[in-house]
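Visitor: Provided herewith is a single structure, encoded as structure tokens, for subsequent inquiry.
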Amino acid sequence: MQKQRLLWLTITAFSILSFTGCGKDDPAPIPPKTKTELISLSPWKFQSATASGLDISANPLIVCFTDNTITFSSNLTFTINEGANICIPSTAGNFTWSFQSGETQLQLSAPLFTGGSSTFTLVTLNETNLVLSQNVIIPPGVTAIPVVFTFKH
């Protein structure tokens, strides 16, 4: 009886060890994409612009930009391609970019919008959204107001 019990315990222990010991290891977690990888995934298209919560995308200073695409490259260059609505002066061309202030600001070598600067605060950057803000002077106003620009892939 003791031998049967010992045999039964040995078989049970062996079975438990064989099921738990042969499992595949979980794959290593995929590290999150860097901000440089996220911004350079594919071209960005203008989605909207808001000031004080109001949509200002139809403003003449911005409407020419609504069909443009911006393509950032990981080598810190970017290209603006104008669509059918041409901005005057044109915003098309090749430029440089960088992250500043611990990757909380996006610095461009040229302003994107008339009345704006070349430095944007990075509000959101993920695989589908690029949201930037900056103070912009929108005529006939003379004081810069915060404007939020949203771009999508």
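The values are calculated or read from the model by the stated rules, or taken from the named source; none is laboratory data. All of these numbers come straight from a predicted model, not from anything done at the bench. Glycine also receives a Cβ, built like all others from the backbone with ideal geometry; neighbour counts cover every protein chain displayed. We work out accessible area using only protein heavy atoms, side chains counted, and drop any ligands, DNA or RNA first. Shrake-Rupley method; radii C 1.70, N 1.55, O 1.52, S 1.80 Å.
Visitor: I30: accessible area at probe 1.4 Å, nearest 10 Å²?
Guide: 150 Å²
Visitor: Is there a quick way to get the dipole size of the stretch 16-153? I mean about its Cα centre, with the Cβ of Lys and Arg at +1 and of Asp and Glu at -1; what is the value in debye to the nearest 20?
Guide: The calculation lands at about 60 debye.
Visitor: A144 to N94: extension gain in nm, 0.36 nm per residue of separation minus the Cα-Cα distance?
Guide: 15.3 nm
Visitor: Please calculate how many Å² of accessible area the chain carries per residue, with a 1.4 Å probe and no DNA, RNA or ligand atoms counted.
Guide: Heavy-atom accessible area per residue stands at 63 Å².
Visitor: Right, another one. How far apart, in nm, are the 7 Å Cα→Cβ label points at T66 and K152?
Guide: Placing both labels 7 Å along Cα→Cβ, they lie 1.4 nm apart.
Visitor: Using R₀ = 25 Å, calculate the FRET efficiency as 1/(1 + (r/R₀)^6) where r is the Cβ-Cβ separation of T77 and Q47; round to 0.05.
Guide: 0.65
Visitor: Straight-line reach from K45: which aspartates and glutamates fall under 15 Å, measuring Cα to Cα and dropping same-chain residues less than 8 apart?
Guide: D67, E82, E127
Visitor: Using the alpha-carbon atoms, what tilt in degrees (0 to 90, nearest 10) does helix 2-21 show relative to the longest principal axis of the chain?
Guide: Long axis of 2-21 versus the principal axis of the chain: about 20 degrees.
Visitor: Pick from N135, N59, N68: which is most flexible by mean-square fluctuation in a GNM of the chain where alpha carbon atoms under 10 Å apart are linked?
Guide: Maximum among the listed residues: N59.
Visitor: Let me cross-check K152: its accessible surface, 1.4 Å probe, with only protein heavy atoms counted, in Å² to the nearest 10?
Guide: Accessible area, nearest 10 Å²: 70 Å².
Visitor: Take the solvent-accessible surface of the protein heavy atoms, probe 1.4 Å, and return the percent of it on the chain that carbon and sulfur atoms account for.
Guide: The value for the chain is 62 percent carbon and sulfur by accessible area.
Visitor: Residue separation times 0.36 nm, minus the C-alpha to C-alpha distance between T34 and I86: what's the value?
Guide: So the chain would gain 15.4 nm between T34 and I86.
Visitor: For L61, L54, give the ranking by accessible area with the largest first, probe 1.4 Å.
Guide: Putting L61, L54 in descending order of accessible area: L54, L61.
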